[in-house]
Amino acid sequence: MTSARDMSSPHSSHDVSKHPDTTADVIIVGAGPAGSTAAVYLARSGVDVLLLEKSVFPRDKVCGDGLTPRGVKQVLALGVDVSGDDWLRNKGLRVVGGGTSLELPWPVLQDYPDFGLVRPRRDFDQMLADMAVKAGARLHVGTNVTGPIKDERTGRVVGAQARTDAGPVSFHAPLVIAADGVSARMALGMGINKRDDRPLGVAVRRYYNAPAKTNDDYLESHLELWDRSNAADPKLLPGYGWIFGLGDGTVNVGLGMLNSSKAFGKTDYRKLLRTWLDGTPEEWGLREENAIGGIGGAGLPMGFNRTPHYTDGLVLLGDAGGSVNPFNGEGIAYAMESAALASEYVLQALGRPEGASREAALHGYAAAMKDHLGSYYRLGGMFSTLIGKPSIMKTATRLGLPRKRLMYLVLKLLAGLYDSRDGDWADKVVRSLTKVVPSV
Ligand SMILES: Cc1cc2nc3c(=O)[nH]c(=O)nc-3n(C[C@H](O)[C@H](O)[C@H](O)COP(=O)(O)OP(=O)(O)OC[C@H]3O[C@@H](n4cnc5c(N)ncnc54)[C@H](O)[C@@H]3O)c2cc1C
């Protein structure tokens with residue numbers, strides 16, 4: 001796929017042919033779930049959007065490829081048809097730990113569907129980028145943004161500088177959206193650094209040919225990872241793992257660790273993955289000879305570890321704004337939620353003349369993110385501190401897992417799957433918790 005300049009939306013209020021290819025109403029840096037989702041919403045509303053992406057589709061993104069119902073809601077909101085064979089549906093979460101395994105169906109709610117999905121990011125991200133192009137966004141792939149262009153007098157972001165095969169290019173727009181993921185180059189260029197008082201994770205994953213596990217209709221989560229290389233003396237390893245079937249004979253397997261763990265930053269995560277998998281049952285097939293490709297790893301920026309989400313002409317979305325859920329490491333849903341929310345505020349801002357009122361609308365996005373997730377993420381930060389301590393985690397697993405009613409509540413809390421109004425006792429408990437805890 002190359003530049004999609006010629007595919008402008010019929011809804012566009014702008015005649016793209018009059019624009020040089022380097023200016024737009026809005027520049028979005030990064031065509032992951034956050035950037036492409038924002039591009040779809042904005043372009044559908046007639047905004048002239050330039051979407052700049054350093055890689056070329058199709059491309060891999062290191063991820064577990066799993067969507068809980070919270071992510072599915074965002075996919076449905078875009079109007080995506082998820083009934084085809086490209087999607088593997090799941091009906092809940094299987095939690096393995098403390099010597100037991102518990103299947104927790106996704107709850108029936110007003111706010112979220114009752115199924116999850118799995119689809120490799122290689123396809124998923126391309127599908128979203130294609131939607132953005134179809135909606136009228138001009139996608140430039142192979143465009144590596146090196147930093148913001150600032151107005152010399154005001155210091156405000158007025159564009160993005162990029163490297164392409166054809167040489168350096170400057171792109172200009174009155175508003176720039178950073179959706180460039182955990183690397184957060186645009187935010188860093190504005191001096192918005194990572195906050196060390198917020199949780200951070202790291203995760204690695206690999207694909208395997210594993211027919212025995214590929215057609216799972218539950219997402220499988222392992223609360224304990226065991227080194228069984230010495231059968232007589234199994235050792236508990238740090239971290240948490242997952243096995244997500246992809247329905248095509250393969251699985252996505254990985255593990256993650258939080259910075260609240262003593263082992264964080266001192267562990268060879270790739271070796272840890274091999275050690276854990278070598279001890280899983282032979283019939284699962286998670287052995288070196290069945291591996292597809294290498295082990296990929298990346299950081300998980302959690303609990304709003306990069307704020308403010310708006311400043312001086314730059315809006316932060318998704319991982320660039322540290323939006324991964326600290327309870328469960330899920331990031332796609334929150335990247336897309338931030339994009340949907342930002343699009344509303346950006347549309348309001350662009351409809352106002354430049355100046356104080358437009359600025360107020362954009363600051364409204366940062367405030368809305370806080371309202372939407374701030375208290376929940378503060379709770380998540382507390383939770384991540386607790387589960388970093390193996391003794392607490394071990395006790396919680398052993399006491400919690402056998403109690404189905406408690407685990408029903410835990411699922412709603414950890415996956416953010418509770419109704420914002422009405423609902424059952426568990427929805428009310430989670431809502432009350434988020435009310436008493438102040439926002440981050
Ligand atoms: C091992 C692992 C497993 C995970 N598993 C899950 C999971 O199962 N489910 C889930 O919901 N979340 C999961 N996550 C988290 C999830 O991957 C992220 O939260 C999500 O991808 C964030 O989306 P985003 O659009 O903000 O950023 P990204 O998906 O990172 O997209 C950023 C885009 O910007 C582009 N880009 C970056 N820098 C530049 C630049 N300088 N110039 C131009 N373009 C640039 C990138 O190429 C990319 O296309 C996992 C993460 C890891 C590391």
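Things to note:
- Leading residue by the ranking (nearest to the ligand (Cβ to nearest atom)) among those in segment 320-331 that are open to solvent by less than 10 Å² (accessible area, probe 1.4 Å) and farther than 16 Å from ARG185 by Cβ: VAL324
- The set of residues in segment 213-255 being assigned to a loop (DSSP other than H, G, I, E, B), charged (D, E, K, R) and touching a residue at least 24 places away in the same chain (Cβ under 8 Å) consists of ASP216, ASP217, GLU224, ARG228, ASP248.
- Considering only residues in segment 332-348 that are over 30 Å from GLY254 (Cα atoms) and surrounded by 24 or more Cβ atoms within 10 Å (Cβ to Cβ), the one that is nearest to the ligand (Cβ to nearest atom) turns out to be ALA342.
- Restricting attention to segment 163-182, the residues that are within 10 Å of the ligand (Cβ to nearest atom), crowded, with 18+ Cβ neighbours inside 10 Å and not hydrophobic (A, V, I, L, M, F, W, C) total 2.
- Residues of segment 229-248 that turn out to be away from the ligand (no atom under 12 Å from the Cβ) and surrounded by 14 or more Cβ atoms within 10 Å (Cβ to Cβ), as a count: 5
- Filtering segment 183-200 to residues that are open to solvent by 40 Å² or more (accessible area, probe 1.4 Å), in a helix (DSSP H, G or I) and either of a type in the set (Gly, Ala, Ser) or in contact with a helix residue (DSSP H, G or I) (Cβ under 6 Å, 6 or more places away or on another chain) (or both) leaves only SER183.
- Answer residue from segment 42-59, given it is near the ligand (Cβ under 6 Å from one of its atoms) and part of a loop (DSSP other than H, G, I, E, B) and is surrounded by the fewest Cβ atoms within 10 Å (Cβ to Cβ) among those: SER55
- Test for THR146: is it outside any strand (DSSP E or B), hydroxyl-bearing (Ser, Thr, Tyr) and either open to solvent by 30 Å² or more (accessible area, probe 1.4 Å) or within 11 Å of the ligand (Cβ to nearest atom) (or both): no
- One residue stands out among those in segment 353-389 that are touching a residue at least 12 places away in the same chain (Cβ under 8 Å) and not in a helix (DSSP H, G or I): the one that is surrounded by the most Cβ atoms within 10 Å (Cβ to Cβ), which is GLY388.
- Selected residue [more than 16 Å from the ligand (Cβ to nearest atom) and loosely packed, with under 15 Cβ neighbours inside 10 Å] from LYS262, LYS271: LYS262
- Filter result (in contact with a helix residue (DSSP H, G or I) (Cβ under 7 Å, 6 or more places away or on another chain), aliphatic (A, V, I, L, M) and within 9 Å of the ligand (Cβ to nearest atom)) within segment 277-301: ALA298
- Flag for GLY155 being surrounded by fewer than 19 Cβ atoms within 10 Å (Cβ to Cβ), over 24 Å from the mean Cα position of the chain (by Cα), at positive phi and part of a loop (DSSP other than H, G, I, E, B): yes
- Residues located in segment 390-427, provided they are open to solvent by less than 30 Å² (accessible area, probe 1.4 Å), at pLDDT 90 or above, on the phi < 0 side of the Ramachandran plot and outside any helix (DSSP H, G or I): ALA415, LEU417, ASP419
- For segment 60-77, filtered to residues that are small (Gly, Ala, Ser) and either more than 8 Å from the ligand (Cβ to nearest atom) or in a loop (DSSP other than H, G, I, E, B) (or both), the residue that is least open to solvent (accessible area, probe 1.4 Å) is GLY64.
- The residues listed here are ASP125, ASP111, ASP81; of these, the one that is under 26 Å from LEU341 (Cβ atoms), assigned to a helix (DSSP H, G or I) and of a type outside the set (S, T, N, Q) is ASP125.
- Put simply, of ALA160, ALA203 the only residue that is within 10 Å of the ligand (Cβ to nearest atom), touching a Pro at 6+ places or on another chain (Cβ under 7 Å) and open to solvent by less than 60 Å² (accessible area, probe 1.4 Å) is ALA160.
- Selection of segment 307-319 for residues being in contact with a strand residue (DSSP E or B) (Cβ under 8 Å, 6 or more places away or on another chain) and either at pLDDT below 95 or within 11 Å of the ligand (Cβ to nearest atom) (or both) yields LEU316, LEU317, ASP319.
The values are calculated or read from the model by the stated rules, or taken from the named source; none is laboratory data. Note that this is a predicted model, so its numbers are computed, not measured. All Cβ positions, even for glycine, are placed from backbone atoms using ideal geometry, and neighbour counts span all protein chains on display. Please note that ligands, DNA and RNA were not included when accessible areas were found on the heavy atoms of the full protein model with its side chains. Shrake-Rupley method; radii C 1.70, N 1.55, O 1.52, S 1.80 Å.
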